[in-house]
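Some notes on the structure that comes next.
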Amino acid sequence: MSPFAMTYALHLLAALVWVGGMFFAWMILRPAAVGVLEAPARLKLWVEVFRRFFHWVWAAVLVLPITGVGMLHLRFAGFESAPRYVHIMMGLYIAMLALFLRVQVLQLPELRRAVAAEDWPSGGAVLGRIRRLVGINLILGLVLASIAAARPGF
Ligand code: HEM
């Protein structure tokens, strides 16, 4: 396997884990949990789901720019000569990172505190805000993957 192929595979796997994980959480787990669990159990479930999923998101958040910049040098001889869609990819990555950090640093601790205090209405309100941000990030990730696949202007 060439260095480029290995870097490319890691990049794709990281994108799949992050975007696929958000897709599963939003489209499958969220409606299923609403359907079968009462608020206390549902909020506890989400605290545990985020704790486990966010380890993988942190890995993806690190692997994507490292492998992405690696490929920029291996294939395009640097940032300036890279095609437009790679610039768009980097811009959308920064937007996705900002939203992820907002959930991780501000909202998740708030959710944990509400669950620890058994304050279910506040927990539900925070979870609603997290859901909105994850929904936006999911859309950004899907748009980004479509742009990468279509390679406009290349
Ligand atoms: C700093 C962040 C990033 C950089 C520098 C970067 C850079 C790159 C580069 C150089 C390629 C190879 C392009 C080619 O060979 O034509 C690539 C491919 C790809 N990237 Fe990124 N990327 C970044 C973030 C992301 C993110 C956040 C995602 C998705 C969540 C993503 C998804 C993809 C996909 C799906 C491809 C394969 C496209 C294809 O070859 O058809 N990238 N990226």
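The values are calculated or read from the model by the stated rules, or taken from the named source; none is laboratory data. Note that the structure is a prediction, hence the values are computed from the model and not measured. These area figures cover heavy atoms from the full protein model, side chains too; ligands, DNA and RNA do not enter into them. Shrake-Rupley method; radii C 1.70, N 1.55, O 1.52, S 1.80 Å.
Observations on the model:
- Rolling a 1.4 Å probe over the protein heavy atoms gives the chain an accessible area of 58 Å² per residue.
- Once the gyration tensor of the Cα atoms in segment 35-89 is diagonalised, the equivalent ellipsoid follows with semi-axes of 40, 12, 6 Å, ordered largest first.
- Mean shadow area of segment 87-137 over all directions, Cα convex hull, nm²: 3.2
- With all protein chains modelled, accessible area of H73 [1.4 Å, Å²]: 120
- Descending semi-axes in whole angstrom, ellipsoid equivalent of the chain, from the Cα gyration tensor: 35, 14, 14
- Helical segments meeting 27 Å axial Cα length and Kyte-Doolittle 1.0 threshold in the chain (DSSP H): 3-24, 84-102, 120-150
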